[in-house]
Amino acid sequence: MDMELLTKHLSEASVANITKWLTEPIYAEYKAEVEKMIQNEQWQQLEDAFFKVIEFGTGGRRGTTGPGSNRINKVTVGESTQALCLYAKQFGPDAPAKGIVIACDTRLSSPELSQYAARVCAGNGFKTYIFEGFRSTPELSFAVRYLGCAAGVVITASHNPPADNGFKAYWDDGAQLVAPHDKGVLELGEGITEIHTADFDEAVAAGTISIIGGEIDKAYVAAAASEAVGTARDISIAYSPLHGAGQTNVLPVLEAAGFVQVKPVAAQMVPDGNFPTIENGKPNPEEKPANDRVVAQLLAEEADIAITNDPDADRFGIMVRQDDEPVYLSGNQSVALAADYVLQKMQTAGTLTPKHFVAKTIVTTDLIAALAEHYGVKTYGNLLIGFKYIGELVRLKETEGETFVMGGEESFGMLKGSYARDKDGASGALMLAEYAAELKASGKTLYDRLLELYKEHGVYLERLDTIVAPGADGFAKMQQIMANLRANPPAAIGATKVTAVLDYQTLERTNLTDNSKSSIDCIKGNVVVLECGDTRRRITVRPSGTEPKLKFYVQWFTEPNGNVDEQYTEVQGHLEGLSRELEGILLEG
């Protein structure tokens, strides 16, 4: 290896990581491939693959598959699993007997990587459970709790493109790892020099690895369907799992709950990690092109609503047929409608108490808080981005005698009840299918009800924009933008005055009017919030925890004035202008 050549073209961190991958036995499987990249002088690809160790973000470790410390491969998955086993053993000698349960989605590399993770768990003396085929992420969360496991693993990259995959770890409560556990596992992973594995077939024969399926499926579906709060079922639904695992959770849960008019998009029921029928291969229900097929079916067959899921089926998208046109509800609008429905039904049934609470992240619509106040329950809304923080909150509040009703986030994730501790596409689909059926009986749609909520509580609108910044250069660019924003926050965004800056890295809020400071009650995170005269009018900026993107969320509120259509159009225009102005400020800074 020509060290002079490497140091000439690559960063110090990349050279150090490449050296490890070429010299240590743990990386032997990928040595020839890395050497070939060096011989071919693929410096940019090498830099991107090795400039850092892939981190735990908002959704675990996620990225492009291939060789490298910043890639998803058998080594990075093996290191993560090995570290998880070592970490779990620190919390009690019974952890290996409790075991670890593993699931995966329909991505191309998911079966191989999940089986390898099972081999590592078994090789470390853990009783290991692995699903016989692809399953949804929420079922994995449920399985951890149902089986009483010490931890869980799911191999998925959620809605990312086909070339990506990922590793998500769960703790014994069925929630994703959060601090200090995530950092503890990552630190152990960085020191791994040997991955202990068992032969898969031999471990199965010995009973160390158990292949699971039907029993867990039945229990999960029953638990998810039992969260139904209404009886209306007269609704026709067009459905697509977008080639993913939604057919293992959303369809059976809706069926178990009594919905019989559900018609899937046949071509997208085929599990395929290439996502061949989706534009650009991006199976993200947040993006309209991913929903093209199901919307076409919605209109052609005059269904009432359409539902889609991302490949691991923890999130969902919903569309409404409104006067023979499709209305795409945002994640914020969906979770607000679900909160309205569930709280309303519980209040009517007399089961809602002041001990109940709902939860949301800081970038999720404040309409949820307004609805919770209306129905007399608490909202915990100052949570960092990622459903794992809602899962953590549920555990904490249960020990304090409070009861979780539901939680949601702007990225189409929600959960009602505590049968799982992660967002569940089946939970969201069930709540809104019920509400759509109930509203249909009175001649209304979900969109009609949304406009009523705006008229009653004010117009809450949100917009998400991103700056794409791939690779090592992009990573540095995102860091620089965040540093500039902290050092020199704008006094105004266009004609809109910024009145306060909240830095979640220091947990300090600065009032720009008098320069007074106060503390923020939250855990630390790489997030900056710009308030514009009202806590419900703000812009949140953060680097993505799972993708090479800088995200900025614009949230706005106007008091109800009786003219919802006019307000809606006006606020939409304002959001667009704010977003455009802010992007210019961030890129110029």
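It is to be established whether one or more residues within region 42-58 are of a type in the set (Gly, Ala, Ser) and under 30 Å from VAL144 (Cβ atoms).
Yes: one or more hits.
Report the residue count in region 374-400 for those that are of a type in the set (Lys, Arg) and closer than 16 Å to LYS524 by Cα.
1
Restricting attention to region 472-522, report how many residues are touching a Phe, Trp or Tyr at 6+ places or on another chain (Cβ under 8 Å), farther than 22 Å from VAL554 by Cβ and of a type in the set (A, V, I, L, M).
Qualifying residue count for the region: 1.
Which numbered condition in (1) modelled with pLDDT of 95 or more; (2) outside any helix (DSSP H, G or I) is the only one that GLU112 fails?
Here GLU112 meets the rest and fails (2).
Having 3 or more residues that are touching a residue at least 40 places away in the same chain (Cβ under 8 Å) is the bar; report the helices (runs of 4 or more DSSP H) wholly within region 8-74 that clear it.
Because the criterion is at least 3 residues that are touching a residue at least 40 places away in the same chain (Cβ under 8 Å), the helices (runs of 4 or more DSSP H) in region 8-74 that meet it are 12-23, 43-50.
Restricting attention to region 40-82, and to residues there that are out of contact with any Lys or Arg (no Cβ under 6 Å at 6 or more places or on another chain) and of a type in the set (A, V, I, L, M), which single residue is modelled with the lowest pLDDT?
VAL53
Tell me which of these ILE307 doesn't satisfy, since it passes every other one: (1) touching a helix residue (DSSP H, G or I) at 6+ places or on another chain (Cβ under 6 Å); (2) assigned by TED's automatic domain parsing to the domain that holds VAL377; (3) aliphatic (A, V, I, L, M).
Unmet for ILE307, out of (1) touching a helix residue (DSSP H, G or I) at 6+ places or on another chain (Cβ under 6 Å); (2) assigned by TED's automatic domain parsing to the domain that holds VAL377; (3) aliphatic (A, V, I, L, M): (2).
Can you tell me which of ALA303, ALA296 is over 22 Å from the mean Cα position of the chain (by Cα) and without any contact (Cβ under 8 Å) to a residue 12 or more places away in the chain?
The unique qualifying residue is ALA296.
The values are calculated or read from the model by the stated rules, or taken from the named source; none is laboratory data. Values in this document were obtained by computation on a predicted structure and should not be read as measured data. Virtual Cβ from ideal backbone geometry, glycine too; neighbours counted across all protein chains shown.
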